1. Among the helices (runs of 4 or more DSSP H) contained in segment 42-117, which hold 2 or more residues that are more than 27 Å from residue 136 (Cα to Cα)?
2. Would you please list the contacts, defined by Cβ atoms under 6 Å and residues six or more apart or on different chains, that run from a residue in segment 51-71 that is at pLDDT below 85 to a residue that is assigned to a helix (DSSP H, G or I)?
3. Starting from residues that are assigned to a loop (DSSP other than H, G, I, E, B) and at pLDDT 85 or above, keep the ones in segment 1-35 and report whichever is surrounded by the fewest Cβ atoms within 10 Å (Cβ to Cβ).
4. When you check residue 102 against the structure, is it within 30 Å of residue 124 (Cα to Cα) and at pLDDT 90 or above, yes or no?
5. So residue 124 clears everything in (1) surrounded by 15 or more Cβ atoms within 10 Å (Cβ to Cβ); (2) under 20 Å from the mean Cα position of the chain (by Cα); (3) part of a loop (DSSP other than H, G, I, E, B) except one condition, right? Which one?
6. Looking at 76, 118, which one is crowded, with 17+ Cβ neighbours inside 10 Å and in contact (Cβ under 8 Å) with a residue 40 or more places away in the chain?
7. Would you confirm whether any residue within segment 175-198 is within 17 Å of the chain's Cα centre (by Cα) and under 22 Å from residue 101 (Cα atoms)?
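The values are calculated or read from the model by the stated rules, or taken from the named source; none is laboratory data. As the structure is a prediction and not an experimental result, all values here were calculated from the model. Don't worry about glycine lacking a Cβ; one is built from the backbone with ideal geometry, like all the others, and counts go over all protein chains shown.
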């Protein structure tokens, strides 16, 4: 019977009979991209893609990078990246709106899957109310973290606009090591002074690495 099933339907047939857990990564990709091209059938393209890139590698690719792969155009690339992003959001998206932040582990959990695998540094301000519930999460800067790029005005403007009682800063290290640089520490101490002048509490600055994090507050870098 399996021989009578069109090639592009084989993974779907396997899912129906054995469940989604039984499918390989390449078969899951085949279901996403649906059809092959002149370069090869859908299973061949999916197998080549899965053999070249791990899922983590795929999640780090941009749309233009992925569409350079033979047999993957903008539509197929969009489908793959959309599925990866949905999977990522099931991990870090809070179950309740405006969750409370009780410790650095809460922040690390929220952001590990959001920015932990980015190839550029992402600098995020987590704005909190007086009960330390999240009001808003705002990405302020993307790129190499340095003092000329990060200006206190941009950070505290968002906090004041949202009537935040306190803020937590978060950024990732693409290297995977969460240990702060001298520049990270200098910027944090500068922002801590600015927050005090405005009556806003800088609760922490957390660096996200590969399956690890570093809390400036826990290491007494913030007064």
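1. 42-52, 55-60, 63-66, 74-92
2. Correct list of pairs: 59/84.
3. Ranking the qualifying residues of segment 1-35, first place goes to 19.
4. Answer is yes for this residue.
5. Single failed check for residue 124: (3).
6. Matching residue, one of 76, 118: 76.
7. yes
Here's the yes/no breakdown for (1) surrounded by fewer than 13 Cβ atoms within 10 Å (Cβ to Cβ); (2) touching a strand residue (DSSP E or B) at 6+ places or on another chain (Cβ under 9 Å); (3) in a helix (DSSP H, G or I):
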position	(1), (2), (3)
164	no, yes, no
169	no, yes, no
175	yes, no, no
178	no, yes, no
183	no, no, yes
189	no, no, yes
195	no, yes, yes
210	no, no, no
